[in-house]
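For reference, the structure discussed in these notes is given below.
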Amino acid sequence: TAPAPAAGTAAPGPATMDSGRRAVVAPLTGMFYLSPSPGAAPYVKVGGEVIAGQVIGLLEAMKLFNEIKSDVTGVVRRIVAEDGGLVKTHQVLIEVEPT
């Protein structure tokens, strides 16, 4: 198996969707969290701005927490992944409308 990406690595690149939005996808399979700890403010919100390199969530895989960073600047239009839910490699986490 391939080694897991180092903490702080971005997903494999945003996919452009039919709507013109860009999808930020999971780089590996694991549990996805929208905030740094229970009860804390989420990293991103629908309607909020995100910049390339900004942390959008945490992915827990093999007892390690990996920061997932956006690789596109724009407005968050949809949060697809469920907070605390299992995501698979290349699954869409958020949709961003580039600015």
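Results for (1) modelled with pLDDT of 95 or more; (2) open to solvent by 50 Å² or more (accessible area, probe 1.4 Å), shown as yes or no for each residue.
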site	(1), (2)
SER19	no, yes
PRO36	yes, yes
GLU49	yes, yes
ILE56	yes, no
LEU59	yes, no
Problem set entry | Every pair of residues 6+ apart whose Cβ atoms lie under 6 Å, when the first sits in region 72-94 and is surrounded by 15 or more Cβ atoms within 10 Å (Cβ to Cβ) while the second is among the hydroxyl-bearing types (Ser, Thr, Tyr) and at pLDDT 95 or above | none
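Kindly provide the set of residues from region 16-51 that are of a type in the set (A, V, I, L, M, F, W, C) and closer than 17 Å to VAL92 by Cβ, ordered by number.
Taking region 16-51 first, the residues of a type in the set (A, V, I, L, M, F, W, C) are 17, 23-26, 28, 31-32, 34, 40-41, 44, 46, 50-51.
Across region 16-51, the qualifying residues are MET17, ALA23, VAL24, VAL25, ALA26, LEU28, MET31, PHE32, LEU34, VAL44, VAL46, VAL50.
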Exercise. When you scan region 57-99, how many residues do you find that are at negative phi and assigned to a loop (DSSP other than H, G, I, E, B)?
Worked result: 12
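Can you say whether PHE32 is open to solvent by less than 70 Å² (accessible area, probe 1.4 Å), aromatic (Phe, Trp, Tyr), modelled with pLDDT of 95 or more and part of a strand (DSSP E or B), as far as the supplied structure shows?
Numbers: open to solvent by less than 70 Å² (accessible area, probe 1.4 Å): yes; aromatic (Phe, Trp, Tyr): yes; modelled with pLDDT of 95 or more: yes; part of a strand (DSSP E or B): yes.
Considered against the rule, which asks whether it is open to solvent by less than 70 Å² (accessible area, probe 1.4 Å), aromatic (Phe, Trp, Tyr), modelled with pLDDT of 95 or more and part of a strand (DSSP E or B), PHE32 comes out as yes.
Yes or no: GLN91 among the polar types (S, T, N, Q) and in contact with a Lys or Arg (Cβ under 9 Å, 6 or more places away or on another chain)? Give the steps one after another, and end with the answer.
Numbers: among the polar types (S, T, N, Q): yes; in contact with a Lys or Arg (Cβ under 9 Å, 6 or more places away or on another chain): no.
Judged against the criteria, GLN91 is not a match.
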Exercise. Can you name every residue in region 52-77 that is over 14 Å from LEU93 (Cβ atoms) and of a type in the set (Val, Ile, Thr)?
Worked result: THR73, VAL75
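The values are calculated or read from the model by the stated rules, or taken from the named source; none is laboratory data. In this text the structure is predicted, and so the values were computed from the model without any measurement. Cβ sites come from the backbone with ideal geometry, for glycine too, and all protein chains shown count toward neighbours. Just the protein is used for accessible areas: all its heavy atoms, side chains included, with ligands, DNA and RNA removed. Shrake-Rupley method; radii C 1.70, N 1.55, O 1.52, S 1.80 Å.
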